[in-house]
Every structure is written in structure tokens, then in C-alpha cells.
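What follows is a single structure, written as C-alpha cells, with notes after it.
The values are calculated or read from the model by the stated rules, or taken from the named source; none is laboratory data. A quick note: this is a predicted structure, and the numbers were derived from the prediction, not measured. Quick reminder, even Gly has a Cβ in these numbers, built from the backbone with ideal geometry, and neighbours come from all protein chains shown.
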Amino acid sequence: MSKILTVGEILVELVATTRGDGFREPQPLVGPFPSGAPAIFVDQVGKLGYEAAIIGRVGDDDFGHLNIARLTRDGVDISGIDVAPDEVTGCAFVRYREDGSRAFLFTMAQSATATLNLTPAATALMASCDHLHIMGTALSAPGMANVALEALRRIKARGGTLSFDPNIRPEILGAPGLRARLLHVLDQTDIFMPSGDELFLFSQRADEAGAIDDLLARGIREIVLKRGAEGASHFSVEGRHDIAALSVREVDPTGAGDSFGGTFVALRLAGFPPVAALRQANAAGALAVSRQGPMEGTSTQAALNAFLKDTFPEDAEIST
């Protein structure tokens, strides 16, 4: 089984308990919750019992240590997290609008994450990992991008594998050098995991089937298209598999895609067939949205099995 590494932002999330648009007036908040897309992804991998590690940077403050404690508790190797004295951990303030969409206020540019760089501890950690998971956000800032691309170079040179979740807003694609970095990563990707219209970020085709063909022609082995409330689809040269979303009461959608991704990647690397991994990942995403806080809904294998057994009682046993 491969040890899975990710690189990127680690932050806390504070959520307004009222609905509305933004933070132009005082709001009651709940949190702080450990967060950051790479951190949620790798926490899910660790919580399933697989080897997982993260390279990141936090302030030497309560928010940074909150994240370190959570990741450590869930089995993640945190030796690559640089704790920066006299710097602060990034924050995301979140408020739900009446239509269910979210308004975000970030402090990432002013945080320790913004100056992530390659440390001796991070270099040593790369040497112990066989699989790298990159998210587009890790390529959006020069420091994080340099570390992520160095990890990619080292792991691929040893015959390791790569999964890639673009996880990036189209409006920032014009940032200097970002598209070139995204394409560089895409060309080395084994498992590509876009959400919705992210599928079309790297294809001129306007139809789903054409975009999938374009991406597979690049040499990508597997594509997992996350469709949110419409489920997910898996594509490879062997064919296509679809899975419907599971019906749960949505409390907080933040982190659901990362929990889905962590589960799918870990189980595929552990030898699960695509349909089985997709099914378990679907359950992980469903459980994630049922809890408030982006990392609060990550799941153990036992929790996934119990949820699937309750949801599909005709199945006498869920494979572990």
C-alpha cells in the first residue's frame, strides 16, 4: 500500500450561525473547525487507517495546533508541517446565504501558509511517500506550488503515482503561471478528480463525452467526475460506471468532495475495484455533509461500512 502525501493549505473555519450575505455587520460564529482542502483529504485517508502525510505551514497559535492535534489523532504524519513562530494560521469565515450558497472571507494571503517553502523535514517526508495528491489551490501561490511540484518530481521519478483534484475557481485561472502549472500536473496525472464543470477546464470540447475522451487521450488512467447531489461517475479506457448520490440531510457541504476524494484514492491504491471504491467514496461524501464543520464528517472504515449496510440492507456484508 502506498503512503499518500498531499501539499497545501491548513486553516480553520468559523461559520456564522445566521444566514445572509457576508460580514458587513457582527455575526455570531461557531468554530474554529480544522480545515483546508488538502488537510481534509489527508485526514480522511488517515482515518481510514492508511498511511497519509501532509506538507503545510501553520502559525504557532491555537488554530495551528488545533489542526495538528486533529491530524495526529486521525493517524496523519504531520512531520512535514512547519510551525512558524510569530505568524498566524489562516482563517476562513463562512456565512450561508438564504439560497444555500456560501459567502467566504479568507485571511490566507496574510497567513503562514502563504510562505510555505521546502524544508529539510518536508524533503525527508517526500522520500517516504509513493503517491501524491495535488489540489489546484496548492498551485495558486508560488510557495505552495514550488513545494508541490518538487514533490511531484521526486515521487514520479521513483515510479510513484499522482491524483489531481483541480478544486479551483475559474476566475483565478488567469493568475500568472497558474494554467501552465495546472497543465504540467495534468500531464502526469493517473487519477483525475474534477467536480462538475471543472471537467471542461482542460478541454476545448463542450460535451462531457468529448471532454472525457480528450483527457483519457492525455494518458490519464482514471477520471472520477464528482457531481454533488447527482452522484459521481468513473471513466477509464475500460468503460464507465455511475453511482447515484445517497440521500442524507445536508448540514454543511464544505469538505464533502475532499472526503470523497480521500476515500476513493486510498481504496483504489489499496486494490479496491473502481466500483467498490466509488461506492465507499460516495458514502464518505454523504456522511461528510451531515456534520457541521469541514473535517468533522470524515469517516472511519467501520462508519462507512455501517452506513452502507444500513442504506442497503440487502447487502449482508460490505467489503473492507
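What to note about this one:
- The residues of the stretch 165-176 that are in contact (Cβ under 8 Å) with a residue 12 or more places away in the chain, surrounded by fewer than 19 Cβ atoms within 10 Å (Cβ to Cβ) and either in contact with a strand residue (DSSP E or B) (Cβ under 8 Å, 6 or more places away or on another chain) or not in a helix (DSSP H, G or I) (or both), listed by number, are LEU173, ALA175.
- Number of the exception - ILE54 against (1) out of contact with any Lys or Arg (no Cβ under 8 Å at 6 or more places or on another chain); (2) touching a residue at least 60 places away in the same chain (Cβ under 8 Å); (3) closer than 23 Å to VAL185 by Cα: (2)
- Within the stretch 144-164, residues that are under 21 Å from GLY36 (Cα atoms) sit with their Cβ atoms under 6 Å from residues that are among the basic types (Lys, Arg), at 6+ positions apart or across chains, in these pairs: ALA145/ARG181.
- Residue check for LEU186: hydrophobic (A, V, I, L, M, F, W, C), under 19 Å from the mean Cα position of the chain (by Cα) and at pLDDT below 95: yes
- Enumerated strands (runs of 3 or more DSSP E) restricted to the stretch 203-320, each holding at least 1 residues that are touching a residue at least 40 places away in the same chain (Cβ under 8 Å): 222-226, 232-236
- Applying the condition of being of a type in the set (Gly, Ala, Ser) and within 21 Å of the chain's Cα centre (by Cα) to the stretch 204-235 and asking which residue is surrounded by the fewest Cβ atoms within 10 Å (Cβ to Cβ) yields ALA229.
- Residues that are part of a loop (DSSP other than H, G, I, E, B), crowded, with 24+ Cβ neighbours inside 10 Å and modelled with pLDDT of 95 or more are absent from the stretch 24-45 altogether.
- Residue list for the stretch 128-151, filter: among the hydrophobic types (A, V, I, L, M, F, W, C), at pLDDT 95 or above and surrounded by fewer than 23 Cβ atoms within 10 Å (Cβ to Cβ): LEU149
- The set of residues in the stretch 185-203 that are surrounded by 14 or more Cβ atoms within 10 Å (Cβ to Cβ) and over 17 Å from ASP258 (Cα atoms) comprises VAL185, LEU186, GLN188, THR189, ASP190, PHE200, LEU201, PHE202, SER203.
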